[in-house]
1. With the cut-off at 1.5 for a/c, could you classify the range 22-75 from its C-alpha gyration tensor as rounded, prolate or oblate?
2. Please quote Rg/Rh for the range 70-152 to two decimal places, taking the Kirkwood radius as Rh and restricting both calculations to Cα atoms.
3. Probe radius 1.4 Å, ligands and nucleic acids ignored: give me the carbon and sulfur share of the accessible area of the range 1-160 as a rounded percent.
4. Considering only Q185, G86, F163, whose Cα is most displaced toward the positive end of the charge dipole of the chain, charges sitting on Cβ of Lys, Arg (+1) and Asp, Glu (-1)?
5. Taking H placed 1.01 Å from N in the peptide plane, check which residues at least 5 places from G127 or on another chain put their amide H under 5 Å from its amide H.
6. Explain nothing, just the number: relative contact order of the chain, from Cα pairs under 8 Å at least 6 residues apart, as a whole percent.
7. For the range 144-227, what is the Kirkwood estimate of the hydrodynamic radius, computed as the reciprocal of the mean inverse distance between distinct Cα atoms, to one decimal in Å?
8. How far apart, in nm, are two points set 7 Å out from the Cα along the Cα-to-Cβ line at L13 and at T168?
Amino acid sequence: MSHRRSSFQSNDLFPREIDIEVCLKTLKIYQKIEGDVNCVVWDASLVLAKYLETMCQNKPEFLSSIRVLELGSGLGVVGLTAATLGAQVTLTDLPEALPLLRLNINENKSKISSMGGYAIAESLVWGDSTSQILKEEFDIIVLADCVYYEEALDPLVQTLQCFTNTITKKPTMYLTQEMRDSEVQKRLWTKFFEKLNEIFNVEQIPEEEQHKNYRSPDILLFKITKK
Ligand SMILES: C[S@@+](CC[C@H](N)C(=O)[O-])C[C@H]1O[C@@H](n2cnc3c(N)ncnc32)[C@H](O)[C@@H]1O
């Protein structure tokens, strides 16, 4: 499969540049003018990417050479930021999201490798217990804005559980979620949050510990570990 920009209609795509100040690199992320939820950069991904950057500012080795998994990567802002900060990252999403995700990996490859990082994209449908990725172990799992429809709640929790029922590594998860002002979204979030709390230790990261320019009362950030 080709991941070159020419595989897409050039007038379908427009780039967004995201500065990673701590290492003076700028990611170029292609979005689609029209498309599904996986074709745009969501604010929750910027909050999480910038939180990772803040962590690296305080502790430069935070992501160096560690294995990171991103769920529901979309265009890959979080995973690509982690890779540019030195992590070995597997970005995942539905099969239909992979061509644009891989194009974005390709676009930023040289910046990532110059920082000692690595990024690859694979399909991972939440709840699919046959995925080969479930056999792998990760140090950190990241996910941004992935709680937005009912049918995905149980499969998403199940997938998080699979990645924490591991032998060697006990991953820490970082999750951001935008709280949208709709009754449906509030109900979904409450249900998801109850499930998370049953299984995991869930700690909300206060805004003052987040990036000073990329935080918002509407976007919650959590650190999650196995009980
Ligand atoms: C709102 S978007 C967020 C994308 C990205 N994390 C961001 O914040 O920019 C939700 C993402 O979850 C992915 N997704 C939805 N259902 C999924 C499923 N069942 N398995 C895997 N990925 C899924 C979508 O394709 C999409 O990329």
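The values are calculated or read from the model by the stated rules, or taken from the named source; none is laboratory data. Please read all numbers here as calculations on a predicted model, not as lab measurements. Cβ sites come from the backbone with ideal geometry, for glycine too, and all protein chains shown count toward neighbours. In case anyone asks, the SASA skips ligands and DNA or RNA and just uses the protein heavy atoms, side chains included. Shrake-Rupley method; radii C 1.70, N 1.55, O 1.52, S 1.80 Å.
1. prolate
2. 0.96
3. It is 49 percent, rounded to a whole number.
4. Comparing the listed Cα positions along the dipole, G86 ranks first.
5. Result for G127 returns T159.
6. Answer for the chain is 18 percent.
7. So the Kirkwood estimate lands at 13.7 Å.
8. If labels sit at L13 and T168, their model points lie 3.6 nm apart.
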